[in-house]
Amino acid sequence: MRRWIALAAVLPTIFLGAPAHAMSGGYVALGDSFTAGPMIPRHQGSPWACLRSDHNYPSLVARALQPAAFSDVSCSAATIADMSRPQKVLFGQNPPQLDAVTPDASLVTISIGGNDVGFSKTLYTCAGLSLSAPAGAPCMKHFGGTLDRRIVETAPRVAAVLRTVHVRAPRARVFVVGYLRLLPARTGCWPGVPTAAGDVPYLDRIERSVNAMLAEEARRAGAGFVDAYRGGTGHDMCASHKWVEGILLTHAAAPVHPNAAGMRVVADRVLAAIGGSQEVAGDQ
């Protein structure tokens, strides 16, 4: 009997890579669709149109840590503005996400900024442009320095969110969670992932810049940074063992979003960061 009790105690460690122990305070998860996990079975919470999965990384982290309270207020399509204002969604609205951050929170994770830069929309635009020049770089020509400017403009807004979190939950450990790798470094897989050959390294550089910005703002705010991009080579949208789905789906997930395997990876890295190992942006 004692053997079965011991086995039950370590099962969360086996599957999620973190010790199983109850966390005295609450855990609040803020974020966009890369947090919510749209179309990963099963959806939970309200409003329904936020498309939060019960297998997104906050839910997996919460199961491992067993916090006194757990509030996942992430919502698909969320921007930084939706941290402090209601977000209108189909048949309802998501309250301002920062309202969930209270003084009794012990842990807050934040993954935001991608929609402010417009990265997902950019990929769809680039997919259309790739039809005109699959061997060229029509997307880079179309956007020029626009995306780089958006990243610079987004940085102080991320900083403002982090300051508000620290004021609302002064004793909480705060972690900014980066974005999983979307594309390979050089060679794409057109037409499976319709991105022109010359645009693949351009878009990969933009994503790395987004993650580097988030890492820097986390450092400035005294928060931790969880690098989800690291180790993504061979797990991007072009890979067979992908963590992020392409436009043509192979697993249950929204196009250009993490699948269940990707969410497990991010959960493991959040748990590792909570355990004391700081992550650094970059492909290693």
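The values are calculated or read from the model by the stated rules, or taken from the named source; none is laboratory data. Note that the structure is predicted; figures quoted are calculated from it, not measured. Here Cβ is always computed from backbone atoms with ideal geometry, including for glycine, and neighbour counts include all displayed protein chains.
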Checklist (1) at pLDDT 95 or above; (2) of a type in the set (Gly, Ala, Ser); (3) surrounded by 24 or more Cβ atoms within 10 Å (Cβ to Cβ) applied to ALA253, failing item: (1)
Of residues in segment 161-189 being at pLDDT 95 or above and in a strand (DSSP E or B), the one nearest to ALA36 (Cα to Cα): VAL177
Which numbered condition ARG219 misses (of (1) in contact (Cβ under 8 Å) with a residue 40 or more places away in the chain; (2) surrounded by fewer than 23 Cβ atoms within 10 Å (Cβ to Cβ); (3) assigned to a helix (DSSP H, G or I)): (1)
Matching residues, segment 86-95, being closer than 14 Å to ASP32 by Cα and assigned to a loop (DSSP other than H, G, I, E, B): PRO86, PRO95
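Residue under question is SER24, and the condition is that it be modelled with pLDDT under 95, part of a strand (DSSP E or B), of a type in the set (S, T, N, Q) and over 27 Å from VAL117 (Cβ atoms); does it hold?
Values: modelled with pLDDT under 95: yes; part of a strand (DSSP E or B): yes; of a type in the set (S, T, N, Q): yes; over 27 Å from VAL117 (Cβ atoms): yes.
It is true that SER24 is modelled with pLDDT under 95, part of a strand (DSSP E or B), of a type in the set (S, T, N, Q) and over 27 Å from VAL117 (Cβ atoms).
Would you mind stating whether SER106 is touching a residue at least 24 places away in the same chain (Cβ under 8 Å) and touching a strand residue (DSSP E or B) at 6+ places or on another chain (Cβ under 6 Å)?
Numbers: touching a residue at least 24 places away in the same chain (Cβ under 8 Å): yes; touching a strand residue (DSSP E or B) at 6+ places or on another chain (Cβ under 6 Å): yes.
Judged against the criteria, SER106 is a match.
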Test: residue in segment 178-192 that is of a type in the set (S, T, N, Q), farther than 22 Å from ARG63 by Cα and in contact (Cβ under 8 Å) with a residue 60 or more places away in the chain: no
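Looking for something part of a loop (DSSP other than H, G, I, E, B) and on the phi > 0 side of the Ramachandran plot - is there at least one such residue anywhere in segment 232-251? So that I can check it myself, show each step before the final result.
Filtering segment 232-251 for residues part of a loop (DSSP other than H, G, I, E, B) gives 232-243, 245-251.
Checking the rest, the ones that are also on the phi > 0 side of the Ramachandran plot come to 234.
Checked against the condition, which is being part of a loop (DSSP other than H, G, I, E, B) and on the phi > 0 side of the Ramachandran plot, segment 232-251 yields at least one hit.
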Condition met for GLN93 (closer than 11 Å to TYR27 by Cα, surrounded by fewer than 21 Cβ atoms within 10 Å (Cβ to Cβ) and among the polar types (S, T, N, Q)): no
Filtered residue count, segment 143-170, keeping only those that are among the hydroxyl-bearing types (Ser, Thr, Tyr) and either farther than 14 Å from VAL117 by Cα or in contact with a Leu (Cβ under 8 Å, 6 or more places away or on another chain) (or both): 1
In segment 197-216, the residues that are within 13 Å of ASP236 (Cα to Cα) and under 14 Å from the mean Cα position of the chain (by Cα): GLU207
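With respect to VAL256, is the statement that it is of a type in the set (A, V, I, L, M, F, W, C) and outside any loop (DSSP other than H, G, I, E, B) true? First the steps, then the outcome.
Numbers: of a type in the set (A, V, I, L, M, F, W, C): yes; outside any loop (DSSP other than H, G, I, E, B): no.
No.
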Pick from segment 42-76, criterion free of Cβ contacts under 8 Å to residues at least 60 places away in the same chain, in a loop (DSSP other than H, G, I, E, B) and among the small types (Gly, Ala, Ser), ranking: surrounded by the fewest Cβ atoms within 10 Å (Cβ to Cβ): SER46
